[in-house]
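Every number in this text was worked out from the coordinates using simple rules, so none of it is lab data. Quantities reported herein were computed from a predicted structural model and do not represent experimental measurements. Neighbour counts run over all protein chains shown; Cβ positions are idealised from the backbone, glycine included.
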Amino acid sequence: GNSVTQMEGPVTLSEEAFLTINCTYTATGYPSLFWYVQYPGEGLQLLLKATKADDKGSNKGFEATYRKETTSFHLEKGSVQVSDSAVYFCALSYTGANSKLTFGKGITLSVRP
Amino acid sequence: DAGVIQSPRHEVTEMGQEVTLRCKPISGHNSLFWYRQTMMRGLELLIYFNNNVPIDDSGMPEDRFSAKMPNASFSTLKIQPSEPRDSAVYFCASCLDRPNTEAFFGQGTRLTVV
């Protein structure tokens, strides 16, 4: 079946540090890939997405590139801020009818001033 | 649009009581999902509907859980009887059933069963 594997957390960084959160997936065919973010006390919201191989999704300084050869979709940001402290989820879904999101376990990021 | 609306935001109930969680998806969305989030298990898909029809309920933990979607603008998740291990945050999400679309989440219902 389909699955998403994220690196173990939590992750604690100092402000302005470089961030990488690893995500790999197992799926047949060509899923769409997503990063969702959950701020404290809130629901998940889409951060960025990529729908085909070599696509790069970007938003709020975050980037992730769809790498089919390594089945990965790692999230990066060059300089994190305290306001980036949240839980980050990698997810995949398929195009077409009755698609559903499959999520990784999520990773908590804490950014210190 | 107001987004996905869930109610109540918080629910505290005694073990054995019936609990009903409610969700109003974004207007026009035809897929709806119920998730449960706990520290131990992370985010789990319980059930999802497409055009008001349950498509996959394999994530529903046991018969105490049931979900309905009587129309395109309303869904319920019911737990009867509730148990302390059901304590979690329950999220509803909706999306358009078409390629490359993302799901939109409600703010969740925090359920505490004592």
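Coupling constants for the stretch A:108-113 follow from the phi torsions by the Karplus curve (6.51 cos²θ - 1.76 cosθ + 1.60, θ = phi - 60°), and in residue order they are 8, 10, 10, 10, 8, x Hz; glycine and proline get x.
With each label modelled as a point 7 angstrom along the Cα→C-beta vector, the B:SER27-A:SER3 pair spans 4.3 nm.
Around B:ARG41, what is the net charge, scoring Lys/Arg as +1 and Asp/Glu as -1 over all other residues with Cβ under 11 Å from its Cβ? Computed value for this residue: +2. As an exercise, use a Förster radius of 22 Å and the Cβ-Cβ distance of A:ASN59 and B:ARG98 to find the FRET efficiency, rounded to the nearest 0.05. Efficiency, rounded to the nearest 0.05: 0.55. Positive contributions from Lys and Arg (+1) and negative ones from Asp and Glu (-1), summed over other residues with Cβ under 11 Å from the Cβ of B:GLU62, come out at -1.
For the stretch A:1-49, chymotrypsin sites (Phe, Trp or Tyr not before Pro) are listed when DSSP marks them as loop and at most 13 other Cβ atoms sit within 10 Å of their Cβ; the list is A:PHE18.
How large is the Kirkwood hydrodynamic radius of chain B, in angstrom, based on all distinct alpha carbon pairs? It works out to 14.0 Å.
Inter-label distance, A:VAL82 to A:GLU69: 4.2 nm, where each label sits 7 Å from its Cα along the C-beta direction. If you add up the charges near B:ASN52, with Lys and Arg at +1 and Asp and Glu at -1, over every other residue whose beta carbon is less than 15 angstrom from its beta carbon, what do you get? Neighbourhood net charge equals -1.
Computed from the alpha carbon atoms alone, the convex hull of the protein assembly as shown holds 121 Å³ per residue. Inter-chain neighbour count for A:40-51: the average number of beta-carbon atoms from partner chains within 10 Å of each residue's beta-carbon is 4. Distance between the C-alpha centres of the stretch A:55-85 and the stretch B:8-22: 38 Å, rounded to the whole angstrom.
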